[in-house]
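**Student:** Below are the structure tokens for one structure; questions will follow.
Taken together, the values in this text are just the output of simple stated rules run on the coordinates, not laboratory data. Worth saying up front: this structure is predicted, and the values here are computed from it rather than measured. Neighbour counts are summed over all protein chains in view; Cβ atoms, including those assigned to glycine, are modelled from backbone coordinates with ideal geometry.
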Amino acid sequence: MTNKNKKVVVAMSGGVDSSVAAALLVEQGYDVVGISLQLWNYAGSDKGSFDGCCSPEDLYDARGVARQLRIPYYVYNFEQTFMEKVVHPFVNSYRTGQTPNPCVLCNEKVKFDPLLQRAKELEADYLATGHYAQVERDERGVHHLRKAKDLQKDQSYFLHRLTQEQLAYCLFPVGGMNKEEVRGIAKRLGLRVAEKPDSQEICFVANQNYASFVEEQSSSSMDPGPILDEEGHLLGTHPGLHRYTIGQRRGLGISSLEPLYVIRMDTRENRLIVGKKERLYENSFIVRETHWIDGEPQGPIAARVRIRYKHQEVPATTEPLPSHETRVLCQEPQRAITPGQAAVFYQGDQVLGGGWIERVGYE
């Protein structure tokens with residue numbers, strides 16, 4: 001069966017990467033259908049600027065590219081799904097003293113779950129996106145998620161929760177290219193988004209003011225509480241734990257002879273605990289809801305772990321525990337291991353899996 005007989009649904013965000021992904025598939029002879037997701041209602045928003053994907057301008061650009069490529073294009077309203085699966089967990093995480101990564105949740109719960117179902121309803125053979133990642137199928141029929149060629153743009157961290165079924169349907173047409181190649185293709189084809197800047201921030205939070213967003217979305221007020229050092233001495237009062245994150249130094253509103261950092265949030269007693277810089281370093285933590293792409297190991301394994309997207313991978317031992325938990329022991333202490341962030345496990349360029357940091361060694 002040639003590509004001409006294969007249908008591909010392309011998730012088009014309105015950026016250059018997904019636009020080039022769609023264009024490449026058209027060139028390769030696939031029957032391409034473009035889809036965009038309406039995730040957030042920006043109508044009447046006067047709270048500031050948004051610097052993420054999926055804005056009305058992005059949908060306009062995606063439609064324009066689809067018109068250039070002469071492919072069918074549809075917009076699906078996923079606002080309710082996005083609110084339930086991404087925004088509510090985001091707000092609840094901050095309320096419970098964690099620092100979430102909504103982009104991981106969005107990819108798992110929105111872009112690769114319900115969207116794949118829509119692709120199947122359209123009788124598509126594949127679902128393609130503009131992510132910088134790669135999929136490889138081995139001789140046993142097992143699908144492996146691998147890093148992109150362009151390690152500076154690699155997005156495999158955000159995709160670590162994909163299942164074998166999802167990976168079997170996935171195409172990442174730009175995963176084997178670097179960003180310069182992608183923009184070069186966009187310019188060659190005259191795509192309207194060839195020079196469009198990359199989106200950098202969370203799409204639904206205006207001006208990246210997370211604290212204000214959490215307060216607006218919460219049904220109850222955030223209570224102030226004490227700021228304490230590790231010996232229990234009262235140093236000040238915080239306006240709400242959602243305004244802080246592990247490792248934060250600035251904006252604490254306290255005075256001290258030496259720099260103090262947020263080292264822990266006691267949500268039970270609503271206390272913010274601060275300490276010296278060296279208290280930020282730990283080498284062990286527990287991950288919850290661990291997902292293993294190729295199957296759970298039978299015991300401890302050596303891997304490299306990334307504790308947040310921009311964090312450099314470090315050698316570690318990962319040990320599966322009951323109830324989908326994993327104990328991670330890093331060879332060297334790491335700074336500001338933060339509950340709520342995703343910890344992703346690698347061996348070479350292969351993504352083994354990962355989960356959500358639940359607690360760190362000093363707890």
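**Student:** Taking the Cβ-Cβ separation of residue 324 and residue 80 as r and a Förster radius of 45 Å, what is the calculated FRET efficiency to the nearest 0.05?
**Tutor:** Values: r = 27 Å, r/R0 = 0.60.
Calculated transfer efficiency: 0.95.
**Student:** Additional query: Using 25 Å as the Cα-Cα cut-off, could you pick out the over-long pairs in 111/310; 147/276; 6/179; 7/196?
**Tutor:** The answer is 147/276; 6/179; 7/196.
**Student:** Answer rounded, prolate or oblate for segment 211-292, using the Cα gyration tensor with square roots of eigenvalues a ≥ b ≥ c: rounded when a/c is under 1.5, else prolate when a/b is larger than b/c, else oblate.
**Tutor:** Because a/c hits 1.5 or more and a/b fails to exceed b/c, segment 211-292 counts as oblate.
**Student:** Lys and Arg at +1, Asp and Glu at -1: add these up for the other residues within a Cβ distance under 15 Å of residue 141 and post the number. Intermediate values should be presented prior to the final figure.
**Tutor:** Details: positive: 137, 140; negative: 136, 138, 139, 165, 294.
Counting the neighbours of residue 141, the net charge comes to -3.
**Student:** Does segment 181-257 come out rounded, prolate or oblate, given a ≥ b ≥ c as the square roots of the eigenvalues of its C-alpha gyration tensor, rounded meaning a/c under 1.5 and, failing that, prolate meaning a/b above b/c?
**Tutor:** Details: a/c = 5.48, a/b = 2.53, b/c = 2.16.
Prolate, because a/c is 1.5 or more and a/b exceeds b/c.
**Student:** Before anything else, pin down the relative contact order of the chain: Cα pairs under 8 Å, at least 6 apart, normalised by residue count, whole percent.
**Tutor:** 16
**Student:** What net charge is computed for the residues neighbouring residue 15, neighbours being all others with C-beta under 10 Å from the C-beta of residue 15, Lys and Arg scored +1, Asp and Glu -1?
**Tutor:** On the way: positive: 196; negative: 17, 58, 61, 198.
Here the count lands on -3.
**Student:** Mean Kyte-Doolittle of at least 1.0 and a Cα length of 15 Å or more along the axis: which whole DSSP H helices of the chain meet both?
**Tutor:** Helices meeting the criterion: 16-27.
**Student:** Let me ask something else about it. Among 252, 257, 321, rank each residue by its count of other Cβ atoms within 10 Å, from fewest to most, as a rough exposure measure. It would help to have the intermediate numbers written out before the result.
**Tutor:** Working: 252 20, 257 5, 321 12.
In increasing order of surrounding Cβ atoms, one gets 257, 321, 252.
**Student:** Which percent, to the nearest 5, of DSSP beta bridges fully inside the chain are antiparallel?
**Tutor:** Expressed as a percentage, antiparallel bridges in the chain total about 70.
**Student:** Compare 327, 304, 250 in a GNM of the chain, Cα atoms joined below 10 Å, and give the one with the largest fluctuation.
**Tutor:** 250
**Student:** Of the residues 228, 171, 59, which exhibits the maximal mean-square fluctuation in a Gaussian network model of the chain defined by a 10 Å Cα contact cut-off?
**Tutor:** 228
**Student:** Picking from 196, 85, 179, which is most flexible by a Gaussian network model of the chain using Cα springs under 10 Å?
**Tutor:** 196
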